[in-house]
Amino acid sequence: MKRSWPSLLVGTGIAIVAIIPAVAMAWLLWRNCVNILYWDEWMNDLSGLLPALHAGHLSVAQLFAAHNESRLPILRVLFLAACWFHGGDPRWLNWCSWLLAGFTLYNLWIVARLALPTIPLAGRAVLIGLTSLLLFSPVQTDGWLWSMIACFFLANAMFVWAMRVAWGNQREWMRWGLCAVLCLLATFSYVNGFLSWLLIPILLVARCDKRRLWPLIAWFGLAGIMGWLYFAGWKWTPSSAHAMQSADFLLVVLGSALACFSANAAHTSAVAGGILLVFFALLAVSLLRRQHAVVWIVLGLYALLTALLITAGRAGGGIDNALSSRYRTLMLYFPVAVLHLLAIWIAGLPSPLRRLVIRGTALAATAFTMLLLFNWQAGAAQMSETRNSRLASKGVLDWIDVLPQYRAALNNLWPDPNLVMARAHQLNAMQLYDPPLLQSAAMDRIDGVAGKLRNGQLESLRHLRDGNIYASGWAFLPLRGRPADLVVLSYRDAAGRDIAFAYEATGGMRDNMAKQLGPDALTSGWAIIAADPNITPSTMISAWAFDADAGKAYRLPRPE
């Protein structure tokens, strides 16, 4: 049967609405992802497996070993593959996260078609547009820029895929079997994936025409086996927070995806979380008897129970943990569930009242969209700041063998600089660190060619009374479109070579450079105070803009 032109146009419009946020996030990923391990990725049970893989001693037990409260065999396989086949570059996992978010959005659209039969196509288009803005939102900065958080995206994708299968039209035995496989994958993606064993059967039973007991017995028998395998030897450290602290923590976790960039983020996030929780509870109770609402109630319960797990494990660390951007990847599904439940409730109202409510809802939807767009703008800026910080830390690591006195700056990558240095040397020896660690202070070995592109200037150079050198200016990498990752100072030795002796990250505000080169140059300013016994008042001092991605440095011109 051929589709009419109007339906084709509407379908195309829906696709465009859903794709625009995905394309925008792809551009942000391409611009901001950094080829450097971050935080837990330096640990022995992640990047520490690469030497074992290189030596041929990697075991199944190492893949299934517990990491904090989770078992992450799927993540470990993806992480090792990304690093092994791409020169130690973990950024392929960031793109896996993007693909998984897109796949999840597609499955939610299919579920909406199956579970929202009374919602007109235009209404579903609005819902998929808002869902896309949420799922691809840059408020989940760590979710996008921290490679290992792909496990969150994977758990979400497997759960939503299981929802789609459970609510689909396949044969009953096929739906139970496929859902069991997807729940298994979700379980070994992240610990909250185990919730799928409890929630997906609700959909499977609701969708069945005949109520049979044996599928449930088999299901929970398999879930019990999975639980025994998963939690055997499991170490759980319960939160030390009291009840009020835990309740506040829970509300902040639920609402931080919507209110994380407000002036008082903890307070407004708690308010937003409370509003979402009340709306979800009221809608779930009022729509419980409507079969098609069950899907979205289950999705909301998945996010809510995940928030409870996070609260149980992290509330003792303080409210700042609740505002961590990585948890927003798991919490964005709560407002998605509330939006779809609200649409079902409105569709069930009497016609005169429904028209009135729709008008008010249109204004609310517009305000909500503006909030999401504001979060996009603030989240994109946060991603840029995170990129600059990690590139500066990567630059410190690149120079660690030449100028080890700056090792404390590695705390931005992991609290133990010694572990970071040891792991970097292991990866460097296996040619899995790119570019290779620098082994010489001679600048001629990394001297790049800037050509005619303007990349900064050494504006001020003074010898201080205490023997230090003070230098300042601005530095930009025009081919990268960002401030220099580091600015390196060098002195001219007796052999005529430029020898590095100090460096500093950019970050000083330069409004004049932002006006000339664009907003990316706003933080291109720098200032360094340093000393070296080889420097005298007549020594030639130079400044260089260092590119941590390429391992190249570009001499900055001196004032004329």
- Could you say which residue among 493, 511 is over 18 Å from residue 395 (Cβ atoms) and within 34 Å of the chain's Cα centre (by Cα)? 511
- Query: Could you say which residue among 181, 139 is part of a helix (DSSP H, G or I) and either under 30 Å from residue 39 (Cβ atoms) or not acidic (Asp, Glu) (or both)?
  - Reply: 181
- With the checklist (1) surrounded by 21 or more Cβ atoms within 10 Å (Cβ to Cβ); (2) under 27 Å from residue 379 (Cα atoms); (3) in contact with a Leu (Cβ under 9 Å, 6 or more places away or on another chain); (4) not charged (D, E, K, R) in hand, flag the one item residue 141 doesn't pass. (3)
- Determine if the stretch 275-291 includes at least one residue that is buried (at least 22 other Cβ atoms within 10 Å of the Cβ) and either without any contact (Cβ under 8 Å) to a residue 60 or more places away in the chain or not assigned by TED's automatic domain parsing to the domain that holds residue 194 (or both). no
- Message: Looking for something part of a helix (DSSP H, G or I), closer than 23 Å to residue 134 by Cα, touching a strand residue (DSSP E or B) at 6+ places or on another chain (Cβ under 7 Å) and at pLDDT 80 or above - is there at least one such residue anywhere in the stretch 227-240?
- Response: no
- Task: Kindly provide the set of residues from the stretch 178-214 that are surrounded by fewer than 17 Cβ atoms within 10 Å (Cβ to Cβ) and farther than 15 Å from residue 158 by Cβ, ordered by number.
- Result: 202, 205, 206, 208, 209, 210, 211, 212, 213, 214
- What about residue 341, is it crowded, with 21+ Cβ neighbours inside 10 Å, touching a residue at least 12 places away in the same chain (Cβ under 8 Å) and under 30 Å from residue 443 (Cα atoms)? no
- Hey, does the stretch 457-475 have a residue that's under 27 Å from residue 86 (Cβ atoms) and free of Cβ contacts under 8 Å to residues at least 40 places away in the same chain? no
- Can residue 63 be described as in a helix (DSSP H, G or I), in the same structural domain as residue 100 (by TED's automatic domain parsing), modelled with pLDDT under 90 and among the hydrophobic types (A, V, I, L, M, F, W, C)? no
- Note on the structure: With criteria (1) assigned to a helix (DSSP H, G or I); (2) modelled with pLDDT of 90 or more; (3) surrounded by 19 or more Cβ atoms within 10 Å (Cβ to Cβ); (4) not charged (D, E, K, R), residue 223 comes up short on (2)
- Identity of the residue in the stretch 294-349, among the hydroxyl-bearing types (Ser, Thr, Tyr) and assigned to a helix (DSSP H, G or I), that ends up farthest from residue 123 (Cα to Cα): 311
- Task: Please give the number of the condition residue 476 fails out of (1) in contact with a Pro (Cβ under 7 Å, 6 or more places away or on another chain); (2) of a type outside the set (D, E, K, R); (3) more than 25 Å from residue 28 (Cα to Cα).
- Result: (3)
- Query: With respect to residue 305, is the statement that it is modelled with pLDDT of 85 or more, more than 21 Å from the chain's Cα centre (by Cα) and surrounded by fewer than 22 Cβ atoms within 10 Å (Cβ to Cβ) true?
  - Reply: no
- Considering the stretch 13-60 alone, what residues qualify as being of a type in the set (A, V, I, L, M), assigned to a loop (DSSP other than H, G, I, E, B) and over 18 Å from residue 418 (Cα atoms)? 34, 58
- Note on the structure: Scanning the stretch 506-540 for residues that are among the β-branched types (Val, Ile, Thr) and in contact with a Lys or Arg (Cβ under 8 Å, 6 or more places away or on another chain), the one farthest from residue 36 (Cα to Cα) turns out to be 539
- Item | Residues of the stretch 408-461 satisfying the condition of being among the basic types (Lys, Arg) and under 16 Å from residue 488 (Cβ atoms) | 445
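The values are calculated or read from the model by the stated rules, or taken from the named source; none is laboratory data. Just so it is clear, the model here is predicted, and its values are computed rather than measured. Because the Cβ atoms are built from the backbone with ideal geometry, glycine has one as well, and the counts that use them run over all protein chains shown.
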